[in-house]
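Structure record follows, encoded as structure tokens.
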Amino acid sequence: MLIGAAVVFTLLLGGTHWYLWRRLVRDVSAPGGWYRKVATVAAVLLPVLSLLALTGRELGVPFGALQVVSWPGYYWLAMLLYLMLFLVPAELLRWALLRRRAARTQEAAATTPAPVPVAAGAPGTSAGGDTPDGTPDEAPDASAAPEPAAPEAAALSRRLVVSRGIAVGTGVLATGVVGYGAYAARRLTTKRVGVTLAKLPRAAHGYRIAVVSDIHLGPIMGRAHCQNVVDHINRAQPDLITVVGDLVDAEVDDLRSAVAPLAGLRARDGAYFVTGNHEYYLDTAAWVDHVRELGLIPLANARDELPYFDLAGVNDVDGEGSAFGGPDFEAALGDRDRTRATVLMAHQPVQIHDAVDHGVDLQLSGHTHGGQMWPFTYLAALSNPTLAGLERYGDTQLYVSRGAGAWGPPVRVGADPDVTIIELASAQA
């Protein structure tokens, strides 16, 4: 099944690049020119780099090489998305412009009077081909008047102008969107959200929980990105820090330096971690152990009783059937004191239904990235109960973070990254 999916994806990628080559290279340039040569090489090389960025780890490509190919490979995937989004609708514009020009040309040709042929022996000529003064009648000089341009040449010129205009326009638009998205992906913001819990004691009114998910440290986002996240969290001075999965996209030995700033996280009641689906693409147990060495407390289907509420954590659903194991809500929540408020860390929002069944008061999740790049926001909204923000499911509230990093292209369009500070409020206050 995986091989079949890979074949389909490769064929789709190849077909898409063939279409782009036609519209952005062949239709706008002359054969043999420097632009066509360079652009054709790029049309072949860029999808190869994208495939390596996506599958290089599984193929055993060294991490250092992945750091090189991931930049152009992933950014090109973002460009590919927005070029197609702009080029495909532009086909209608291309058709309308060329049809309109062709109609005008035909109309002009229909209204232009045809030349009247002069018959032999007509007045002003002699039957023997002499003029009235007796001089021989000479054939007209072909060079005396320019021939009209051929219709084919005029049509070719029109197509070239329209094709170049559309190619330049879509290229500028796509570059602008991706450039903005690359800037937005690095513009980490701090959100503040108030959540009232009925079981929270009055003494905990105003308690602050930092929520961060989907940091995605890997070949592109490294130590500087991690330090930026840590600085944002520490500046907010939370009482508790929760790292809700998808921390990394490479093995421990590749990212020791990148994750080192996590040791600087500071909160009165500590920093906690649960696995996301991306931790299961790696050596999950090695990462859980390393996170513990950095000072974070992993909650693998476990619970801690904090002064004012219980904090529980469950493994990600992608862990089902793996050596590390999937979620076990009964192990994390089964024997707790139900008179106390419970906050659950669970990476994917779809885990909310089990949280409701177990009487959780607040679930903290990530995973969706808020869609990361429009129009994927619509697909992410269809596959998750909540795309981003706070919603209520019965007596359980769910907060979904848009995440602090990015998977694949380090680009965000319509879904800025954030660190969230949840300020708990007591219903008794």
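Derivation of every value follows stated rules applied to the coordinates shown; laboratory data play no part. This structure is a prediction, so every number in the text was calculated from the model and none was measured. Note that we place each Cβ from the backbone using ideal geometry, even for glycine, and neighbour counts take in every protein chain shown.
Among 350, 317, a tally of other beta-carbon atoms within 10 Å of each Cβ gives an order, fewest to most, of 350, 317.
Summary value for the chain: 18 percent relative contact order, contacts being C-alpha pairs under 8 angstrom separated by 6+ residues.
When only the Cβ of Lys, Arg, Asp and Glu is charged (+1, +1, -1, -1), the dipole of the chain relative to its Cα centre reaches about 1060 debye. Largest GNM mean-square fluctuation across 39, 250, 302, computed for the chain with C-alpha springs under 10 Å, falls on 39. Comparing 334, 326, 206 in a Gaussian network model of the chain where C-alpha atoms under 10 Å apart are linked, the largest mean-square fluctuation is found at 334. 3J(HN,Hα) along region 218-224: x, x, 9, 8, x, 4, 4 Hz, from the Karplus curve 6.51 cos²θ - 1.76 cosθ + 1.60 with θ = phi - 60°, whole Hz, x for Gly and Pro. Around the Cα centre of region 189-426, unit charges on the Cβ atoms of Lys, Arg, Asp and Glu (plus for the first two, minus for the last two) sum to a dipole of about 1040 debye.
For the chain, the share of DSSP beta bridges that are antiparallel, to the nearest 5, is 30%. Computing Kirkwood radius over Cα pairs in Å for the structure here picks out one of [x] 23.0; [y] 25.8; [z] 21.1, namely [y]. Of the beta bridges in region 189-426, as assigned by DSSP with both residues counted there, near 30 percent are antiparallel.
Between 278, 353, 369, the Gaussian network model of the chain with springs among Cα atoms under 10 angstrom shows the greatest mean-square fluctuation at 353.
For residue 393, the residues whose amide H sits under 5 Å from its own are 398, ignoring neighbours fewer than 5 places away on the same chain, with H placed 1.01 Å from N. The angle separating the long axis of helix 63-111 from the principal Cα axis of greatest extent in the chain is about 40 degrees. Close amide H contacts of residue 419 (hydrogens built in the peptide plane, cut-off under 5 Å, sequence separation of 5 or more or a different chain): 189, 190, 191.
Between residue 96 and residue 320, full extension at 0.36 nm per residue minus the direct alpha carbon distance yields a gain of 75.3 nm.
Averaging the sequence gap over all C-alpha pairs within less than 8 Å and six or more residues apart, then dividing by the number of residues, gives region 189-426 a relative contact order of 27 percent. Taking the longest Cα principal axis of the chain as reference, the axis of helix 34-55 is set at about 20 degrees. The helix-only estimate of mean residue ellipticity at 222 nm for the chain, built from DSSP H runs of length n ≥ 4 each weighted as -39500 (n - 2.57), is -14500 deg cm²/dmol after division by the residue total. Helix 284-293 axis versus longest C-alpha principal axis of the chain: approximately 60°, rounded to the nearest ten.
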